[in-house]
Amino acid sequence: MTDQHVALVVEDEPEMAAEITEILTSLGHRCVHTESLEEGSELAQRGGFCYVLLDLQIKPTRDSIRPRVEAGETLMGRIRQQFPRRNTHDKHDLQILLMSGHVKEHEAVVRMLQTGGDDFIKKPLGENKTPLDTKIRTALRQSGRDAHCHCAALNREAASSGASPVGRPRAEGIPLSLGGRPMKKRTGIQVGDKGVPLSTPPFVLALHLMAGHLRGDGVLPAVLGARTQPQRTLQRLCEELAPYLPKGLSVAEVGPDGRFHLHPSVDLGALDPRCIENHSDARVRRLAAELVRLREGTAEANPIAAPASGTASTSPRKLIISARWHCSKGLVVVDGHDIAMPAKPYVIMAKLGLGRQLEEGWVERDQLDSNADASWSAMTRVYDHLRDAGVIPADVIENNLAKSYRLTYLAEQIEIDRAALLRHPHAPIRAELARFVDLLPGEVTGDRASRGARRVEPERGFRP
């Protein structure tokens, strides 16, 4: 039947999926069901649906052991990238209704509603004040598509614009250049031969995308910091540059690894940082200098060997993880920058330092914190502290597709007193590091006997 609305339902619980399908059938709608990020991405590329019901916790693949919030966020980002348009009432043409039954996912719900989600549905469905069928009718009415013929027009527009297959390369390259000048609170960037003034957050993201393109590894959203709302910043950048690009082409996309990448059709033009070398934002100055080093080939492609931003390329890299503790903060020194970190971020840095003896230095997210959401939040706080101290986080920490992290420093560039850390003056940190070391193979476990030998008194020699 061609007059039926079609819903894309992404739900990994069979009972819940069956209940949703029954409700949609009673509305006269058809349902396309999947349970994983991988299959959901394929269906999103094909298009043909009128609205989306997306569970926050879904499996990355059908064979995955456990669902993850990150998979739900990634899929929502891809769908919203494919259908970013809003109508005259500032409502999305394609409505995405988020579903969750876990209280601990509250922060993720808020974040996703701010970066592309349109409404939230609590599970079990009976706990909602507004029934699911009413929410669906409201979503269709807000998008101006009560009748299915309007949905068909939306799908044809997406297909003709080339937005449907996420990441599909285009024939022509669009040069993106760094050469605009600051104009009050905005900084210009060149798209082809046209100057586009951008506010600082999207402009900083554009610089990150350029640097990630030259490095070949993209931009990890957490590098931007939780306070910047990475998904929302990406959406703002795409919306501000959209009028200067071919219809349907987005300047950036979310890759399968969850990182932000420049669209394959976008090429880097001239990179002239002289116009922004006196920019008021230190992040802009550092990233502009990093772009020049990458473009000229003076920075190594391997981030482990690359010099840290903010220092001269001839300066030696050094990371010191101190056992000093003062005013509820621990001291970490990154290339001469003294950074006083609260307990959670400090413990993350200490674990990464102790974990250098693991295979290639990779420490799994579950080892950093047993709660995946908490570890993501703590890692974001680490990035924020590094950034506030004038250090680009990607120069210090990298991650991979396996949700593991490691320091980008060689072993001889890290100064860490393992015995002192395992006798840390703050008892909760001492216990947390002891549990972490118990899981490590090799020589670190030899320090166990000295853990309780004596308590190290807090040093008073630094002030955060």
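Where helices (runs of 4 or more DSSP H) fall entirely within region 368-440, those with at least 1 residues that are at pLDDT below 75 and not assigned by TED's automatic domain parsing to the domain that holds G218 are at 372-388.
Restricting L94, L140 to those that are surrounded by 23 or more Cβ atoms within 10 Å (Cβ to Cβ) and closer than 15 Å to H5 by Cβ reduces the list to L94. Is it the case that G28 is closer than 16 Å to I96 by Cβ, assigned by TED's automatic domain parsing to the domain that holds K135 and either of a type in the set (V, I, T) or more than 24 Å from the chain's Cα centre (by Cα) (or both)? So G28 fails the test. Flag: K122 matches the condition of being more than 15 Å from Q235 (Cα to Cα) and basic (K, R). Whenever a residue of region 340-358 is closer than 17 Å to A431 by Cβ and in contact (Cβ under 8 Å) with a residue 60 or more places away in the chain, its partners that are among the hydroxyl-bearing types (S, T, Y) and assigned to a loop (DSSP other than H, G, I, E, B), lying with C-beta atoms within less than 9 angstrom and at least six residues away or across chains, give the pairs A343/S328.
Residue count for region 75-92, restricted to those that are charged (D, E, K, R) and farther than 19 Å from V10 by Cβ: 4.
Counting only residues that are among the acidic types (D, E) and not in a loop (DSSP other than H, G, I, E, B), which one in region 45-74 is nearest to T233 (Cα to Cα)? Even if it seems obvious, please write down each step before you answer.
At the first step, the residues of region 45-74 found to be among the acidic types (D, E) are 55, 63, 70, 73.
Remaining after also requiring not in a loop (DSSP other than H, G, I, E, B): 55, 70, 73.
Working: D55: 23, E70: 18, E73: 15 Å.
Here the answer is E73.
Filtered by the rule that a residue be at pLDDT below 85 and under 18 Å from A17 (Cα atoms), region 93-123 gives G101, H102.
Matching residues to (1) over 24 Å from the mean Cα position of the chain (by Cα); (2) assigned by TED's automatic domain parsing to the domain that holds D366; (3) assigned to a helix (DSSP H, G or I):
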| position | (1), (2), (3) |
| --- | --- |
| M76 | no, no, yes |
| K129 | yes, no, no |
| T134 | yes, no, yes |
| R137 | yes, no, yes |
| G144 | yes, no, no |
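Residue-level check: of (1) buried (at least 22 other Cβ atoms within 10 Å of the Cβ); (2) outside any helix (DSSP H, G or I); (3) modelled with pLDDT of 80 or more, S250 misses just (3). Does R236 meet the test of being under 15 Å from A394 (Cβ atoms) and at pLDDT 70 or above? Against the criterion (under 15 Å from A394 (Cβ atoms) and at pLDDT 70 or above), R236 does not qualify. I'd like the residue in region 420-437 that is in contact with a Lys or Arg (Cβ under 7 Å, 6 or more places away or on another chain) and over 21 Å from D366 (Cα atoms) and, out of all such residues, is surrounded by the most Cβ atoms within 10 Å (Cβ to Cβ). Here the residue is H424. For R295, the conditions (1) at pLDDT below 80; (2) under 12 Å from D395 (Cβ atoms); (3) not acidic (D, E) are fulfilled apart from (2).
Listed conditions (1) at pLDDT below 85; (2) surrounded by 18 or more Cβ atoms within 10 Å (Cβ to Cβ); (3) not small (G, A, S) are all met by R62, apart from (2). Take the conditions (1) at pLDDT 75 or above; (2) closer than 26 Å to E70 by Cβ; A222 misses just one of them, which is (1).
Can you name the residue in region 65-91 that is among the polar types (S, T, N, Q) and buried (at least 16 other Cβ atoms within 10 Å of the Cβ) and is also nearest to A147 (Cα to Cα) among such residues? Lay out the reasoning, then the answer.
Within region 65-91, the subset among the polar types (S, T, N, Q) is 74, 81-82, 87-88.
So of that shortlist, the ones also buried (at least 16 other Cβ atoms within 10 Å of the Cβ) come out as 74, 81-82.
Numbers: T74: 29, Q81: 24, Q82: 22 Å.
Filtering first and then ranking leaves Q82.
Within region 22-59, which residues are of a type outside the set (A, V, I, L, M), surrounded by fewer than 18 Cβ atoms within 10 Å (Cβ to Cβ) and within 23 Å of P131 (Cβ to Cβ)? Passing the criteria: E22, T25, S26, G28, R30.
Only residues that are at pLDDT 90 or above and part of a loop (DSSP other than H, G, I, E, B): list them for region 6-26, please. Scanning region 6-26 gives a single hit, E11.
The values are calculated or read from the model by the stated rules, or taken from the named source; none is laboratory data. What you see is a predicted model; the values in this text were computed from it and never measured. Cβ sites come from the backbone with ideal geometry, for glycine too, and all protein chains shown count toward neighbours.
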